[in-house]
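Colleague: Shown below is the structure under consideration.
The values are calculated or read from the model by the stated rules, or taken from the named source; none is laboratory data. None of the values given here were measured: they were computed from a predicted structure. Cβ placement follows ideal geometry from the backbone for every residue including glycine, while neighbour counts extend to all protein chains displayed. With ligands, DNA and RNA removed, areas are computed over all heavy atoms of the protein, side chains included. Shrake-Rupley method; radii C 1.70, N 1.55, O 1.52, S 1.80 Å.
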Amino acid sequence: VQLVESGGGSVQAGGSLRLSCAASGLPFGSYTMGWFRQAPGKEREFVAGISRSGVNTYYADSVKGRFTTDRDNAKNTVYLQINSLKQADTAVYYCAAALSTVVRRLSYQYDYWGQGTRVTVSS
């Protein structure tokens, strides 16, 4: 199983990024997907999650209204659109897959993880 994130980079505050996570080696449509982030010196935290069909999405309060996740099961890919970036969004962003019927918010509930993509927001 491989989850490969891409799309990170350095942007100015107020900018946007679209992260992608391409999955292989698993029945993608059977997995709920989550996005987490880890800032320097902080714990990894849940950012967003999406159900297997993509109909249901969930967000951390800190990103609601700015982040949007969606998925394309035909392409085995999940996305995270990040708008109105803030310096507080600086972190390594990870996607994760959980063999679950509901979206999970805790990292230990996920089965597979990507290697992460770094997002750096400057003022």
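Colleague: Go through segment 14-29 residue by residue and tally those that are under 21 Å from Gln87 (Cα atoms) and in contact with an Asp or Glu (Cβ under 8 Å, 6 or more places away or on another chain). Explain how you work it out, then say what you get.
Modeller: The first filter runs over segment 14-29 and keeps only residues under 21 Å from Gln87 (Cα atoms), leaving 14-20.
Applying the additional criterion that residues be in contact with an Asp or Glu (Cβ under 8 Å, 6 or more places away or on another chain) yields 19-20.
Within segment 14-29, residues that are under 21 Å from Gln87 (Cα atoms) and in contact with an Asp or Glu (Cβ under 8 Å, 6 or more places away or on another chain) number 2.
Colleague: While we're on this one: Among (1) β-branched (Val, Ile, Thr); (2) within 11 Å of Met33 (Cβ to Cβ); (3) open to solvent by 40 Å² or more (accessible area, probe 1.4 Å), which single condition is Val55 missing?
Modeller: Evaluating Val55 over (1) β-branched (Val, Ile, Thr); (2) within 11 Å of Met33 (Cβ to Cβ); (3) open to solvent by 40 Å² or more (accessible area, probe 1.4 Å) leaves (2) as the failure.
Colleague: Further, regarding this structure: Suppose we keep only residues that are of a type outside the set (Gly, Ala, Ser) and surrounded by 15 or more Cβ atoms within 10 Å (Cβ to Cβ) within segment 1-12. Which one would you say is nearest to Thr117 (Cα to Cα)?
Modeller: Filtering segment 1-12 down to residues of a type outside the set (Gly, Ala, Ser) leaves 1-5, 11-12.
Next, only the ones that are surrounded by 15 or more Cβ atoms within 10 Å (Cβ to Cβ) stay: 3, 5, 11.
Working: Leu3: 11, Glu5: 6, Val11: 14 Å.
Checked segment 1-12; the qualifying residue nearest to Thr117 (Cα to Cα) is Glu5.
Colleague: Specify which of the listed residues (Arg18, Arg37) is closer than 13 Å to Gly114 by Cα and within 14 Å of the chain's Cα centre (by Cα).
Modeller: On the way: Arg18 fails: closer than 13 Å to Gly114 by Cα.
Just a single option satisfies the conditions, and that option is Arg37.
Colleague: Tell me the residue from Leu106, Leu80, Leu99 that is in contact (Cβ under 8 Å) with a residue 12 or more places away in the chain and open to solvent by less than 20 Å² (accessible area, probe 1.4 Å), please.
Modeller: Values: Leu106 fails: open to solvent by less than 20 Å² (accessible area, probe 1.4 Å); Leu99 fails: open to solvent by less than 20 Å² (accessible area, probe 1.4 Å).
None of the other options fit; the residue is Leu80.
Colleague: Since Lys64 meets every condition but one in (1) open to solvent by 30 Å² or more (accessible area, probe 1.4 Å); (2) touching a helix residue (DSSP H, G or I) at 6+ places or on another chain (Cβ under 9 Å); (3) not aromatic (Phe, Trp, Tyr), which condition does it not meet?
Modeller: (2)
Colleague: Can you tell me which residue in segment 75-123 is farthest from Ala22 (Cα to Cα), limited to those that are β-branched (Val, Ile, Thr) and part of a strand (DSSP E or B)? Steps first, answer last, please.
Modeller: Pass one, segment 75-123, residues β-branched (Val, Ile, Thr): 77-78, 82, 90, 92, 101-103, 117, 119-121.
From what's left, part of a strand (DSSP E or B): 77-78, 82, 92, 117, 119-121.
Working: Thr77: 4, Val78: 7, Ile82: 17, Val92: 17, Thr117: 12, Val119: 18, Thr120: 21, Val121: 24 Å.
The selected residue is Val121.
Colleague: Being among the hydroxyl-bearing types (Ser, Thr, Tyr), surrounded by 17 or more Cβ atoms within 10 Å (Cβ to Cβ) and outside any strand (DSSP E or B) is the filter here, so list the residues in segment 13-50 that pass it.
Modeller: Passing the criteria: only Tyr31.
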